[in-house]
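Structure record follows, encoded as structure tokens.
Every number in this text was worked out from the coordinates using simple rules, so none of it is lab data. Not measured: the values here are computed from a predicted model. When we count neighbours, we look across all protein chains shown, and the Cβ atoms used for this are built from the backbone with ideal geometry, even at glycine.
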Amino acid sequence: MQLSLGELAQRLGAELIGDADTVIRGVNTLKDATATDVSFLANASYRSQLPDSNAGAVIVSAKEAADVRGAALVVANPYLSFALVTQMFDNRPQPVRGIHPSAVVAASATLGDDVCIAANVVIGEHCVIGNGCEIGANTVISDHCVLGRDCCLRANVTLYHDVVLGERVQVHSGTVIGADGFGFAPDKGRWHKIAQLGGVRIGNDVDIGANTCIDRGALGNTTIEDHVIVDNLVQVAHNVRLGEGTAMAGNSGVAGSTTIGKHCTIAGGAGIAGHLTLADGVHVAAMTLISKSISESGAYATGTAQMPMQEWRRSATRFRQLDSMAKRLQQLEKSHEGKA
């Protein structure tokens, strides 16, 4: 893949400062870019690398353009433009259209036009696979699943029965969608399984990372709305609803029957308890535990800030003393009131 800077600027809607005939063959960081690479500056932490970068062109905002050593592609949102450029230079091998001879497709399944069904794929009864879908090797799609057009399931994905994906959904390897939710009733030291009778409904333009689990609903459905992005190693429990445009980072998890609003961000390692509601626009910091519903947008965090180990140990000791200190303070206040 190669593009001239003129073509690149036209596709991005960027103002080009430099030679339009310069050929660009790849994308790289400011530090490692060469004369045939395009780079970008979207984080002030890397600004010091800008004057010395050997990039053939750098995507920048207008205020940074004068400091670019080579050509500049001036845009309003450098990070967005960087994302668009990476798509232009995507080097992922192109799938082969058609059905591999080793695939097993139920006679009652319906396959759209221009699908790619790789080796050892299994597609169950009464499934519907939309036009242009790509199903990676060893993926299993159980009965009564529906995939909208242009979905991409990478190798070794598993969809249990009654999972519905919208259009342009991407699911990465090792992910399981529609497994049983963690529902058990205790009785006399034993656990009795609650049959999980719901399904999973996923909207359009959703991206789900590797080795993530999205459980089916116990009665109703687990629901992932449009434009949600979910990282690797994320747990979404039964009957959870993720609102439109929400993002969940790696190792985060949501317990059952919790509703997360639109355009929320859940940072890495964060945990959200069950049966809660988070408003639109809530941003949960890394390693935070959310144990109560949140009714207003904003940023939320729990835990203590990073500190030297010895200081943390002293603070931990004080935490254990807070209850007795509070009681003594109450007693002192009562004593003071009695003397007043």
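Based on Cβ point charges of +1 for Lys and Arg and -1 for Asp and Glu, what charge dipole magnitude is obtained for the chain about its Cα centre, in debye rounded to the nearest 20?
Taking the Cα centre of the chain as origin, the dipole is about 1760 debye.
Check cross-link reach from residue 31 to the aspartates and glutamates: straight Cα distance under 20 Å, and skip same-chain residues fewer than eight apart.
Of all the aspartates and glutamates, those that pass the test against residue 31 - Cα under 20 Å, at least 8 places apart if same chain - are 52, 64, 67.
Between residue 180 and residue 21, what length in nm is gained on full extension when 0.36 nm per residue of separation is reduced by their alpha carbon distance?
Working: separation 159, 0.36 × 159 = 57.24 nm, distance 5.66 nm.
Going from the current span to full extension adds 51.6 nm.
If you take the square roots of the eigenvalues of the alpha-carbon gyration tensor of the range 289-340 and sort them as a ≥ b ≥ c, do you get rounded (a/c under 1.5), prolate (a/b over b/c) or oblate? Please report the intermediate quantities before stating the final value.
Working: a/c = 3.54, a/b = 1.45, b/c = 2.45.
Here the range 289-340 falls in the oblate category.
Indicate the gyration tensor shape class of the range 84-217 (rounded, prolate or oblate), computed on the Cα atoms with a ≥ b ≥ c the square roots of the eigenvalues: a/c under 1.5 is rounded; otherwise a/b larger than b/c is prolate and the rest oblate.
Because a/c hits 1.5 or more and a/b exceeds b/c, the range 84-217 counts as prolate.
Using only Cα atoms, locate the centre of the range 143-196 and the centre of the range 302-336, then give the distance between them in Å, rounded to an integer.
45
Bin by bin, in steps of 10 Å, what percent of the Cα pairs in the range 232-325 do you find, going until the bin that has the longest distance?
In order of increasing distance, the bins hold 17, 44, 21, 17, 2 percent.
So if I place +1 on the C-beta of Lys and Arg and -1 on the C-beta of Asp and Glu, and nothing else carries charge, what would the dipole magnitude of the range 143-262 be about its Cα centre? I want it in debye, nearest 20.
380
Residue by residue through the range 86-100, which ³J(HN,Hα) values in whole Hz follow from phi under the Karplus form 6.51 cos²θ - 1.76 cosθ + 1.60 (θ = phi - 60°), with glycine and proline marked x?
Each residue of the range 86-100 in turn: 4, 5, 5, 9, 4, 9, 5, x, 6, x, 8, 5, x, 10, 5 Hz.
Which label belongs to the value computed from this structure, given these candidates for semi-axes √(5λ) of the Cα gyration tensor in Å: (i) 42, 37, 15; (ii) 32, 29, 21; (iii) 29, 22, 19?
After the calculation, the listed value that fits is (i).
Each residue of the range 27-36 in order: what ³J(HN,Hα) in whole Hz does its phi give by Karplus 6.51 cos²θ - 1.76 cosθ + 1.60, θ = phi - 60°, with x for Gly and Pro?
Result, ordered by residue: 10, 8, 6, 4, 5, 9, 5, 10, 5, 9 Hz.
How large are Rg and Dmax for the range 114-156 when calculated on the C-alpha trace, in angstrom?
9.2, 22
Measuring from label point to label point, each 7 Å out along Cα→Cβ, what is the residue 302 to residue 138 span in nm?
The answer from the label model is 3.7 nm.
Could you work out, for the range 68-126, what percent of all Cα-Cα pairs fall into each 5 Å distance bin, beginning at 0 Å and stopping at the bin that holds the largest distance?
Whole-percent P(r) values from 0 Å outward: 4, 14, 14, 15, 9, 8, 9, 9, 7, 6, 4, 2, 0.
Quick check: from the Cα gyration tensor, does the range 1-118 come out rounded (a/c under 1.5), prolate or oblate?
Details: a/c = 2.94, a/b = 2.83, b/c = 1.04.
Prolate shape, in that a/c is at least 1.5 and a/b is the bigger ratio.
For residue 334 and residue 211, what is the calculated FRET efficiency with R₀ set at 41 Å and r taken between the beta-carbons, to the nearest 0.05?
The pair residue 334/residue 211 has a calculated efficiency of 0.15.
Just order 60-67, 94-101 by mean Cβ neighbour count inside 10 Å, highest at the front, would you?
60-67, 94-101
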